[in-house]
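The values are calculated or read from the model by the stated rules, or taken from the named source; none is laboratory data. For clarity, every value in this text was computed on a predicted model and none was experimentally measured. Positions of Cβ are backbone-derived with ideal geometry, glycine not excepted, and every protein chain shown enters the neighbour counts. In case anyone asks, the SASA skips ligands and DNA or RNA and just uses the protein heavy atoms, side chains included. Shrake-Rupley method; radii C 1.70, N 1.55, O 1.52, S 1.80 Å.
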Amino acid sequence: MPEKRDYYETLGVAKGASDDEIKKAFRKLAVKYHPDKEGGDEVKFKEINEAYEVLKDKQKRGRYDQFGHAGVGGAAGGNPFGGFSSAGGQNIHFDFGGGNFGDLGDIFSQFFGGGGRSQGQNRGRDIETSVTLTFEEAIFGTEEKISLNIDAICDHCKGNGAEPRFGTKTCSTCEGSGQEVKVINSLFGPIQQAQTCHTCRGRGKVPEKNCIECNGRGVKREKKDIKVKIPAGVDEGSAIRLSGRGEAIASGAPGDLYVAIHVQPHKKFTREGDLILSEETISMIDAALGCELEVETVDGPLIMKIPAGTQPGTDFKLSGHGVPHVRNSGRGAHIITIRVETPTNLSRRQRELLEEFDENHKKRGLFG
């Protein structure tokens, strides 16, 4: 993977550029490289958009200045759609969009390289459902069991719709084609329209005697328990597709199962791409003198050294304690922002000591 360019270099501005200078540089480049414009460049447009999304945000820009690209978690830019194939025979793909399922066939055929099926192919219905994960389950992955009532191939007739020891015969309605042709009168005259035969449901054949379990449909409603492997690193709004785990159809391929991911908020942590963000509060004395601080991470408590003179709002990076990357190895960082607590309700002696400290500071400087 090529190394990312410096965001300031991408926008053509100095590191100390003002917000207005950054905005003007972005607009100029966005107009120049917009992919809808003749001579535009989609790759460059995405690159400058990624840079702007970070540098326009005060907190993200601060972390980028301190830690580089690792400080912004790789959340911006890149292809927001990615694939994942799990072990155990599950064919799973991910949509990292906003959770709008719309035309699922078109979405997945476009982004997952042939995941959708061609129009006109007889296939079962796609099923949509959702699972809710804890913050930790989304970070480290888990396995969920989903119970669905769906059409499944009838065990009694093995899907052909006929009672055992009876066969099938050519459908008299469509004469074995599986389609009916209807003539519709329109403003432009009679139009022929082909549609699935309502008698044989597109199979071209009908049972000589209907199956007593499914009444000749070849499928019947059943409760199915399906195990879904959730890989580490999924996020709110992700979607998983399990190929062939949707509803069955007697004369074609089964549909797909789409599982939307919802993640419960954490009481302490927030997430930004592959970064985990949290805050810790220390006393004014610990900030001035330095200390060792036990901090909470998704991997358990860790001891972090706070250097003397730490200022409020300082960020510390714990590499490798963030979110695992879904599409490759490694993990992001955990960024901890330090807040400094100002003492209240001072005793007389505490107030005297602070006044003495302030007087010495004015005479010699804070570190004199």
How much length is gained if the chain between R327 and E296 is pulled fully straight, taking 0.36 nm per residue apart and subtracting their Cα-Cα distance, in nm to one decimal?
-> 8.5 nm
How would K223, K58, K46, K317 line up by accessible area, probe 1.4 Å, largest first?
-> K58, K223, K46, K317
T134: accessible area at probe 1.4 Å, nearest 10 Å²?
-> 50
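Among the trypsin sites (Lys or Arg not before Pro) in the stretch 121-175, which ones are in a DSSP loop with at most 16 other Cβ atoms within 10 Å of the Cβ? Mind listing them?
R125, K158, R165
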Calculate the spin-label point distance for Q264 paired with E128, positioning each point 7 Å from the Cα along the beta-carbon direction, and give it in nanometres.
-> 2.5
For K28, the lysines lying under 25 Å Cα to Cα, once residues fewer than eight places off in the same chain are dropped, come out as K4, K15, K37, K44, K46, K56, K58, K60
Relative to the present Cα-Cα distance, how much length would full extension add between F357 and E42 at 0.36 nm per residue of separation?
-> 107.5 nm
Roughly how large, in nm² to one decimal, is the mean projection of the convex hull of the alpha-carbon atoms in the stretch 214-359?
-> 13.9
Under 21 Å from the Cα of K209, which lysines turn up, not counting those fewer than eight places away in the same chain?
-> K158, K169, K220
Sticking with the crude label model, points 7 Å out along Cα→Cβ, report the distance from R339 to Q195 in nm, one decimal please.
-> 6.2
Expressed in nanometres to one decimal, the distance between label points 7 Å along Cα→Cβ at E222 and A30 is 5.3
